[in-house]
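Engineer: Before I ask anything, let me first share the structure, which is written out below as structure tokens.
The values are calculated or read from the model by the stated rules, or taken from the named source; none is laboratory data. Keep in mind that what you see is a predicted model, and the values were worked out from it rather than measured. Here Cβ is always computed from backbone atoms with ideal geometry, including for glycine, and neighbour counts include all displayed protein chains.
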Amino acid sequence: MKSFLDLSRIQKQLIAATADLIFLPLTFCCAILLRYDLSSAPLFTHYLWLIISVPVISIPIFIRLGLYRAVIRFIDQKIVYVVILGVTISVAMLVTLAALVTHMSGLSRGVFGIYWISAITYVVASRFLARGFLLYPHGSQQTVRVAIYGAGKAGSQLAKALRAGEEYLPVAFIDDMAELNGATIGGIKVHSAAYLPELISKAKISEVLLAMPSLSKSRQKHILNKLETLKVKVKVTPPVESLVSGELRLQDVRDIEIEDLLGRDQVAPDLTLVASCITGKSVMVTGAGGSIGSELCRQIIRLRPARLILLEMSEFALYSIKQELKGLNSGQGFELDLIPFLGSVLDTEKCKRIMTTFKVETLYHAAAYKHVPLVEHNPIEGVRNNVFGTLSIARAAVEAEVKCFVLISTDKAVRPTNVMGTTKRFAELILQAFAREGNRTRFCMVRFGNVLGSSGSVVPLFRKQIMNGGPITLTHPEITRYFMTIPEAAQLVLQAGAMGSGGDVFVLDMGEPIKIMDLAERMVHLSGLEVRSKAAPDGIEISHVGLRPGEKLYEELLIGDNVEGTEHPLIMRAQESEIPWSELQIILTDLEAACDRFEFETVRALLLRAVQEYSPQCGIEDLIWYEQRRSVTPPRNSATAPAGLQNLNA
């Protein structure tokens, strides 16, 4: 089978033409026998020239009509029309030849009628039989036997694409529609979902491909819940709007992502609301090359601002997002000033000059250090970037008379146990204080949890660990987190930013929190594997390495219970405690001095004073501070070292 498929196109065409060279004359002889009887065998000698003329006339006509150019594995009913046309022309020429040759004029015209029907039947049947043979399951040991969940248009397209290669072999369709149960589509039988466990065992299926791109997220989650219990790898197709050509191809099938497990359908955005802060305006994004900042830029550019200004510290990140946005802009067919700046939000004067020069009207502040353990090990840098960076950019915005300032905050700012969350809550307090000072700039904050696919996300790490055979490293068996996709988070940020009246703290509805242990187990199961246990000693191990410095078991979105809804069902407005600017200014002055002098104990004390909900989960984790203390009083053992340093030493 494989040796035949490896032949060149010309070799395959020669085989098809040779078959016709043999069987078309035989078909004509059968037509003579059917018209007369067995005693008419001598007629073969009498009409030998006409019998030889059959392939001589027919094959050039078939070549001209492109019959031999057709790829047998991909032929469909259209080939029937080509065959009818070719056979009809060849029979007409044979009749004309017989009429011109006087000694052949005695041959009954019924022979030509029988031959016409027989030749069409032979040519069509031979092609479809060859296609059936080529598409019949001939998988090797390495071929993956798959079931396609969804027997609709997408499923049939996927089966056709799979059959074109050798990697996958579709052996069954699965569909929840009762009327399709038992039907055959493209030679593959359709079964009900209830039969799938038995089918996996009988047909030796190792993967299930979910080919239902128009399925809602909640319905997809329901199906994935059923498939999780089976020992097969599951892959899904993207939403139908993501298919560029509208046709489902093999390369469109992807591994399960965590967003597939969330079962959360996005709410359509209120474009009128969003456009009020963006369309036709000069917009600026800080941290434009980061996970959230870059997605904000992508969505902002689709809303047609007059100008988009990018501020980013990383040269490579700025270059990458600029090139991507240039491509998006050129595809939209309208003029947009795309202006990139390398720089830090701590440079107040530069930021003010940018905003003044380019008349910035709306600013999204996404620049921040967000990795909890790294900020815990570098607390002063975390304070400088997250607290004083926000203070700096806010002052610049006020002086440049920016109309709307939106801070990207985090759920870790709620009752924080780490420096990162505390600095983000401190940033919220600064903007709340600015809002009460009667500035022309309208300040608001948008608080949400983990976004999927961001740098440092746990999902890619788990997937890599599963591919490597484990173990999956989990900090704690009870740890839970809120999750949201980056596009949804960015979309809601844009909408919330348009709602604020000044000093608002908006909280995004993140859905139900997800237990990370359950997430890890589900990713293992949907990869066709098992978690290690007594019953499955060769399964993927899940090891618990302990909470990292500053890490919480549970994240929250609200400090108190004082929350109210907004015009958007997924955006809430929280009423949080505030600190007057006069009092906050004193703390900031002392904090800046403590940072300059690297007084880590003072920095922590001032954070505790400003953010009263701050409850440190660990001691001071800065490695400079630890080394300084060790040089004065050497520790008895490594157990007294910060957790991060213990891990580094390990």
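Engineer: Would you mind finding the one in E315, E295 that is touching a residue at least 60 places away in the same chain (Cβ under 8 Å), assigned by TED's automatic domain parsing to the domain that holds K403 and under 27 Å from the mean Cα position of the chain (by Cα)?
Structural biologist: Details: E315 fails: touching a residue at least 60 places away in the same chain (Cβ under 8 Å).
Only one candidate qualifies: E295.
Engineer: To continue, here is another question. Among (1) buried (at least 18 other Cβ atoms within 10 Å of the Cβ); (2) modelled with pLDDT under 75; (3) of a type in the set (D, E), there is one condition D175 misses while meeting the rest; what is its number?
Structural biologist: Here D175 meets the rest and fails (2).
Engineer: Here is a further query. Residues in segment 600-618 that are modelled with pLDDT under 90 and under 15 Å from N378 (Cβ atoms): how many?
Structural biologist: Going through segment 600-618 one residue at a time, the tally reaches 1.
Engineer: Quick check: is even one residue across segment 148-167 under 31 Å from the mean Cα position of the chain (by Cα) and modelled with pLDDT of 85 or more? Let's see the steps before the verdict.
Structural biologist: Step one: list which residues in segment 148-167 are under 31 Å from the mean Cα position of the chain (by Cα), which gives 148-167.
Of the ones still in play, those that are also modelled with pLDDT of 85 or more are 148-149.
Yes: one or more hits.
Engineer: Also: Name the single residue, out of those in segment 251-288 being touching a helix residue (DSSP H, G or I) at 6+ places or on another chain (Cβ under 8 Å) and on the phi > 0 side of the Ramachandran plot, that is modelled with the lowest pLDDT.
Structural biologist: G263
Engineer: Something else about it: Among the residues of segment 383-395, is any of a type outside the set (G, A, S) and outside any helix (DSSP H, G or I)?
Structural biologist: Our first condition is that a residue be of a type outside the set (G, A, S); within segment 383-395, this holds for 383-388, 390-391, 393, 395.
Imposing the further condition that a residue be outside any helix (DSSP H, G or I) reduces the set to none.
Scanning segment 383-395, I find no residue that is of a type outside the set (G, A, S) and outside any helix (DSSP H, G or I), so the answer is no.
Engineer: Which of (1) assigned to a loop (DSSP other than H, G, I, E, B); (2) more than 28 Å from S276 (Cβ to Cβ); (3) modelled with pLDDT of 80 or more does M499 not meet, given it meets every other one?
Structural biologist: (2)
Engineer: Can you name every residue in segment 348-368 that is surrounded by fewer than 17 Cβ atoms within 10 Å (Cβ to Cβ) and either of a type outside the set (K, R) or in contact with a strand residue (DSSP E or B) (Cβ under 6 Å, 6 or more places away or on another chain) (or both)?
Structural biologist: Answer for segment 348-368, where residues must be surrounded by fewer than 17 Cβ atoms within 10 Å (Cβ to Cβ) and either of a type outside the set (K, R) or in contact with a strand residue (DSSP E or B) (Cβ under 6 Å, 6 or more places away or on another chain) (or both): E349, T356, T357, K359.
Engineer: Which numbered condition in (1) surrounded by 15 or more Cβ atoms within 10 Å (Cβ to Cβ); (2) assigned to a helix (DSSP H, G or I); (3) modelled with pLDDT of 80 or more; (4) of a type outside the set (G, A, S) is the only one that L67 fails?
Structural biologist: Exception for L67: condition (2).
Engineer: Could I ask something else about it? Quick check on segment 299-322. Is at least one of its residues closer than 22 Å to T272 by Cα and among the acidic types (D, E)?
Structural biologist: Checking segment 299-322: not a single residue is closer than 22 Å to T272 by Cα and among the acidic types (D, E).
Engineer: I need the full set of residues from segment 502-518 which are hydrophobic (A, V, I, L, M, F, W, C), out of contact with any helix residue (DSSP H, G or I) (no Cβ under 6 Å at 6 or more places or on another chain) and modelled with pLDDT of 80 or more, in order please.
Structural biologist: If we filter segment 502-518 for residues that are hydrophobic (A, V, I, L, M, F, W, C), which is where we start, we get 505-508, 510, 514, 516-517.
Cutting the leftovers down to out of contact with any helix residue (DSSP H, G or I) (no Cβ under 6 Å at 6 or more places or on another chain) gives us 505, 507, 510, 514, 516-517.
Within segment 502-518, V505, V507, I516, M517 qualify.
Engineer: Return the residue satisfying two criteria in turn: it lies in segment 411-424 and is among the basic types (K, R) and within 32 Å of the chain's Cα centre (by Cα), and of such residues it is surrounded by the most Cβ atoms within 10 Å (Cβ to Cβ).
Structural biologist: To start, the set of residues in segment 411-424 that are among the basic types (K, R) comprises 412, 415, 424.
Checking the rest, the ones that are also within 32 Å of the chain's Cα centre (by Cα) come to 412, 424.
Working: K412: 25, K424: 30.
In this case the residue turns out to be K424.
Engineer: How many residues are hydrophobic (A, V, I, L, M, F, W, C), surrounded by fewer than 18 Cβ atoms within 10 Å (Cβ to Cβ) and within 15 Å of V285 (Cβ to Cβ) when one looks only at segment 318-335? Steps first, answer last, please.
Structural biologist: Looking only at segment 318-335, we keep the residues that are hydrophobic (A, V, I, L, M, F, W, C), and these are 318, 321, 325, 328, 334.
Right, trim to surrounded by fewer than 18 Cβ atoms within 10 Å (Cβ to Cβ) and you get 328, 334.
If we keep only those that are within 15 Å of V285 (Cβ to Cβ) as well, we get 328.
Residues that pass the stated criteria total 1.
Engineer: In segment 432-443, is there at least one residue being within 18 Å of I292 (Cα to Cα) and surrounded by 20 or more Cβ atoms within 10 Å (Cβ to Cβ)? Even if it seems obvious, please write down each step before you answer.
Structural biologist: Residues of segment 432-443 that are within 18 Å of I292 (Cα to Cα), as a first pass: none.
Checked segment 432-443: no residue is within 18 Å of I292 (Cα to Cα) and surrounded by 20 or more Cβ atoms within 10 Å (Cβ to Cβ).
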